[in-house]
1. Scan segment 28-48 for residues that are of a type in the set (Gly, Ala, Ser) and under 18 Å from the mean Cα position of the chain (by Cα) and report the count.
2. Quick check: anything in segment 136-149 open to solvent by 30 Å² or more (accessible area, probe 1.4 Å), among the hydroxyl-bearing types (Ser, Thr, Tyr), touching a strand residue (DSSP E or B) at 6+ places or on another chain (Cβ under 9 Å) and modelled with pLDDT under 95?
3. What number of residues in segment 6-27 are open to solvent by 80 Å² or more (accessible area, probe 1.4 Å), closer than 27 Å to ALA80 by Cα and either among the hydrophobic types (A, V, I, L, M, F, W, C) or at pLDDT below 95 (or both)?
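The values are calculated or read from the model by the stated rules, or taken from the named source; none is laboratory data. Treat the numbers as computed from the prediction; the structure is a model and nothing was measured. As a convention, Cβ positions derive from the backbone with ideal geometry for all residues, glycine included, and neighbour counts pool all protein chains shown. In case anyone asks, the SASA skips ligands and DNA or RNA and just uses the protein heavy atoms, side chains included. Shrake-Rupley method; radii C 1.70, N 1.55, O 1.52, S 1.80 Å.
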Amino acid sequence: FDIAAAYSQSFNGFDVDLSARYGTADSNVAGNGDPEVYVFGASFGYAGFTVGGSYGENSNGGFRNFNSEGWALGATYDMAGPWTFGADTYQGEYNGVNGTNDKAEYEAYQIIANRELGQGVSWSVYGVYVQSTVNGEAGGSFSGVPGGLANSEVEGYLVGTSVNLTF
């Protein structure tokens, strides 16, 4: 079962967008609970500026070795003309289940510029910083991950570009 709702409205140049989602399933496996997911999001815009965010959780009901949750926050500015600029972040984590203290965290930060080239065509250039850490117990949720990722940290940078088609 999955249900979602969204609301979008403009009031004298002030834009509001709200959304929510909830989902669940029945588990017939002994010892497992029912998996559930929920997500909430909102964005608000005025005079070319938009700020928005979301939060979500996923409880796997014992089907996987971890549960996850995360949130995102971002802002954009749509300049007069063809350019839009923005910055955003995503922060998430996996938490081990079945009595472990395992935790994996993920952080990403992005800055982006987008230029409209014509109807349905735009070009973007962006920079991203990503960091991920895994802290796990011997024999815990993450100990069987290929490459032995327990108790590790990875970080990286990405600079990219894309051409976007909308039709």
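1. Residues in segment 28-48 being of a type in the set (Gly, Ala, Ser) and under 18 Å from the mean Cα position of the chain (by Cα): 3 in total.
2. No: zero hits.
3. Total meeting the criteria: 3.
Residue by residue, here is whether (1) open to solvent by 50 Å² or more (accessible area, probe 1.4 Å); (2) in contact with a Phe, Trp or Tyr (Cβ under 9 Å, 6 or more places away or on another chain); (3) assigned to a strand (DSSP E or B); (4) hydroxyl-bearing (Ser, Thr, Tyr) holds:
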residue: ALA4; (1), (2), (3), (4): yes, yes, yes, no
residue: VAL29; (1), (2), (3), (4): yes, yes, no, no
residue: PHE44; (1), (2), (3), (4): yes, yes, yes, no
residue: TYR55; (1), (2), (3), (4): yes, yes, yes, yes
residue: GLU69; (1), (2), (3), (4): yes, yes, yes, no
